[in-house]
Amino acid sequence: MEFKPLFTGKLVRLAAPKPEDNEYFAKWSENDEYLRVADNDPAQPMTPEGWTQFETSVLNSPNSFHFRLRTLADDTLIGGVGLFQIQWMHQVASLGVAIADPAYWGKGYGTDALQLILGYAFRELNLYRVGSSTIAYNIRSIKVHEKVGFRQEGVQRGFIHREGQRFDLILYGILRSEWEARQTL
């Protein structure tokens, strides 16, 4: 039997972390525009050591699978993607993706990364459902989620508070059957 590529897409590949990657994530943490679309947490620059501690405490869990995103063209690190809060009994997980390098925004790398991690979720981890969320002002993220087949499942109104304004948090989900139906398109 011939298997489809699991870690390689059209533009990016899912890669293991390298020690020098934390220098890049620390540099990206100084970009407040990136931080305000990537996460709900307060924007905060981190040192490479701080990023290492964050990864060790938050990302390294038996219920998480995290990858670096590297370009196929020249192996450039551009961000990360992962599945977390996996509930094995229910076969569900949450997803997070970040194209951290602004030079790669709006060029299809996020779409490719989401397609790869969904393939990993459904084909390798045998999950049934993957959920995700994005802030209502993150138009690029909304478009990418909908492009790869996520359906809007709800809105947490006024969930995010930034600079005296309230923004909705949009909740998305995709089921294995929905993802599979898109694979034949």
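Taken together, the values in this text are just the output of simple stated rules run on the coordinates, not laboratory data. Computed from a prediction, not measured in an experiment: that's the story for all the values here. Cβ: placed from backbone, ideal geometry, glycine included. Neighbour counts: every protein chain shown.
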query: Does region 1-106 classify as rounded, prolate or oblate by the C-alpha gyration tensor (a ≥ b ≥ c root eigenvalues; a/c under 1.5 gives rounded; else a/b over b/c gives prolate, otherwise oblate)?
result: oblate
task: Please identify, among Thr111, Thr134, Thr56, the residue showing maximal mean-square fluctuation in a Gaussian network model of the chain using a 10 angstrom Cα cutoff.
output: Thr56
Cα gyration tensor shape of region 60-162, rounded if a/c is under 1.5, else prolate or oblate by comparing a/b with b/c: oblate
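With a cap of 10 neighbouring Cβ atoms within 10 Å, and only residues DSSP puts in a loop, list the GluC sites (Glu not before Pro) found in region 4-54.
Within region 4-54, the qualifying GluC sites (Glu not before Pro) (loop, at most 10 other Cβ atoms within 10 Å) are Glu20.
At a 10 Å Cβ-Cβ cut-off, how would you order His66, His161, His145, fewest neighbours first? Intermediate results must be reported in sequence, preceding the final value.
Values: His66 19, His161 10, His145 25.
Least crowded to most crowded, the residues run His161, His66, His145.
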- request: Putting +1 on Lys and Arg Cβ atoms and -1 on Asp and Glu Cβ atoms, find which of Leu175, His145, Gly131 reaches farthest to the positive end of the dipole of region 13-183.
  value: Leu175
task: Give me the distance between the Cα centres of region 79-105 and region 38-54, rounded to whole Å.
output: 16
